[in-house]
Every structure is written in structure tokens, then in C-alpha cells.
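Here the structure comes first, spelled out in C-alpha cells, and everything after it is commentary.
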Amino acid sequence: MDFRYVSAGSSRSHTTRFFSFVPGSAWNTLLAVKLGSPADLWKPLRGAADALLSVVFPTPCRICRQPLSTAGRVPVCSACLDSLRRIRGAVCPQCGRPQPPVVAPARLCHGCARGVYHFDLARSFALYDDAMVRLLTLLKYEPVAPLGAWFAAQIEQVIRAEPALGEVDFIVPVPLDRRRFRERGYNQAELIAQPLARQLGRPLARDLLVRLRSRPPRLKLSQRERWETVRGAFHAPAGPRVDTSRILLVDDVLTSGATLDACARALRSAGAAAVHAVTVARVLPRWESPVSGTTSGGI
Ligand SMILES: [Zn+2]
Ligand SMILES: [Zn+2]
């Protein structure tokens, strides 16, 4: 997988960033050469720099612990990133739930047919399998901004395939409540939403949605508990910005869809005209899920 995805939106190249991490006049000289050189002259040096980096600074992949062989900013190897199971094929036209290949044309899933969700469209990048669990756990306990940017680049591709998702006025990360935000120091959904907003050229709006309380600190919740714990957990202050606006919510995981539904309800009661949602991962019901354990992510 190409780590240059990560540098989308940045004027600094892959290799320039690498050398900027390394102190010393020799590197600075090489950096000066790079800035004034044609790209083709630099290519062999970049390969050599990657090889040198893996020997001098053998940073292991944060997932599989194998040494990283390229000087990317995402601390995860390309094999681990490539192992993620991107959602392709038929999905529910509203909530994006994957459907068996025999379902053609795609039709509303059971929940959407009953009008369960208050968001208009939701899509996810990949399935919530074991590799994804470890990547999102990394993002939850450490603010690894380059990984958030990598996820944003994947979500941008999802939006390209479903352009209505990107026709919005604001990008809104699903917020943490104030206590959880203070404890963690950052919101992992915002690590994804911020670079996504930059890539889409839309403003990030943190203040349109407030979380009044967190989910209970239990790993395993029943479907009913998932819906009950988020009922009324979000509030969108009414005002001219949210009134008749179109919103794209961003979160890490879609499990039952209850969190995104609660956010959409709050934004709609404040006057939002449309609420779409994108997540990095999507949990499938146990009988069709590739994950053996329980989910500890979103609701
Ligand atoms: Zn790895
Ligand atoms: Zn659906």
C-alpha cells in the first residue's frame, strides 16, 4: 500500500518529512539538495533513505511488530493495512450494510425498511475485523494523527463512489462528553474528521453537536442497551448555522447505528436539512461477522 496517501493535502513530500525528523547538518544538506533537484534525480536517494532508516531506526509496525521497511508516517506496515477488508459490492442503499452477493439490485435492509434511522445515508470503509480492531484501538489510546489521515483518505474514496455523502455544508466528528475528552485529551473521531474536512474542502464544525453523557464502561452491550444508552445523549444547539444545513458525521465504528441515529436526531431537531454519516469500520451481526470477540468501539 502506498504511504503517500498520508501526505494528501500536504506540500511536504514523503522524503522531506523523513529528513526533517533527523537532526544533523548532513541531512540538512541532503534536504537542500532535494528542494532544488528534479524528482527523477531524487528517486534512487529516497529508496536508499528508506532502507537506511529501517536499519538505523528499526521502528516496528505497531500491529504485527515487524520492522517497517519504508519511511512512512503511519506506524503500521503495508501488509497490515492491506489486510483490511474494504466493503465492496451490494450494500443497503441507506445505512450501507453489506448484503449477500445474491441480493441484486441492492435493497433496504430490514432496519431501514422499518425507518429505524434518522440519518439519510451512511457508509463505512471496511469491516470491523481483528486487524481493524487493533488499528482503531491504537487510535483510541494514542493520538496517531497520520493514521487518522490515512483513514480519512480511505473514506474520501468511499465518498467518491457515493458523491451525495460529500455534498454537505459541515463535517462534524461524533463528540466525546466533556469528562471523557478531558481524560483522553483528544477525540479520535476528530483525528479522522479534520483531515477529511481538509480533503473535501468543507469546514469542520465541532460546536454543532454536544455529547451530554458517555456510554457505560462495559465492553458488551445488548442491542437494546446500545439504543437505550445513547437515547438523548447528544444535543445540537439550535442556531442559524445548523438550520437547513447539510451535515456529514464522522465516527470510527458503526455497530448498531444507534450513536449515529442519536446524533442525527439531535441535528435534525435543531433544523438540519440532511445528515449523512461515514465511519472507518462497520460491525456486522454476530452470525455474519468476521470478528469472534465483542466490540468495544462505537454503538
Ligand atoms: Zn504490520
Ligand atoms: Zn440499512
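A few notes on this one:
- Among the residues of region 65-95, those that are over 16 Å from the mean Cα position of the chain (by Cα), in a loop (DSSP other than H, G, I, E, B), more than 16 Å from ligand 2 (Cβ to nearest atom) and aliphatic (A, V, I, L, M) comprise 68, 71.
- Taken as a whole, region 83-93 holds at least one residue that is within 16 Å of ligand 1 (Cβ to nearest atom) and out of contact with any Pro (no Cβ under 9 Å at 6 or more places or on another chain).
- The sole residue among 198, 211 that is in the same structural domain as residue 279 (by TED's automatic domain parsing), surrounded by 12 or more Cβ atoms within 10 Å (Cβ to Cβ) and farther than 24 Å from residue 270 by Cα is 198.
- Residue check for residue 267: of a type in the set (A, V, I, L, M, F, W, C), touching a Leu at 6+ places or on another chain (Cβ under 8 Å) and assigned to a helix (DSSP H, G or I): yes
- Any hit, region 217-230, residues being assigned by TED's automatic domain parsing to the domain that holds residue 203, small (Gly, Ala, Ser) and either at pLDDT 90 or above or under 18 Å from the mean Cα position of the chain (by Cα) (or both): no
- Residue 130 satisfies every condition listed in (1) crowded, with 16+ Cβ neighbours inside 10 Å; (2) within 16 Å of ligand 1 (Cβ to nearest atom); (3) over 23 Å from residue 172 (Cβ atoms) except (1).
- Checking every residue in region 132-154 against the condition of being within 16 Å of ligand 2 (Cβ to nearest atom) and under 13 Å from the mean Cα position of the chain (by Cα) gives zero matches.
The values are calculated or read from the model by the stated rules, or taken from the named source; none is laboratory data. Being a predicted model, the structure only gives us computed values, none of them experimental. Counting neighbours? That spans all protein chains shown, and the Cβs are built from the backbone with ideal geometry, glycine included.
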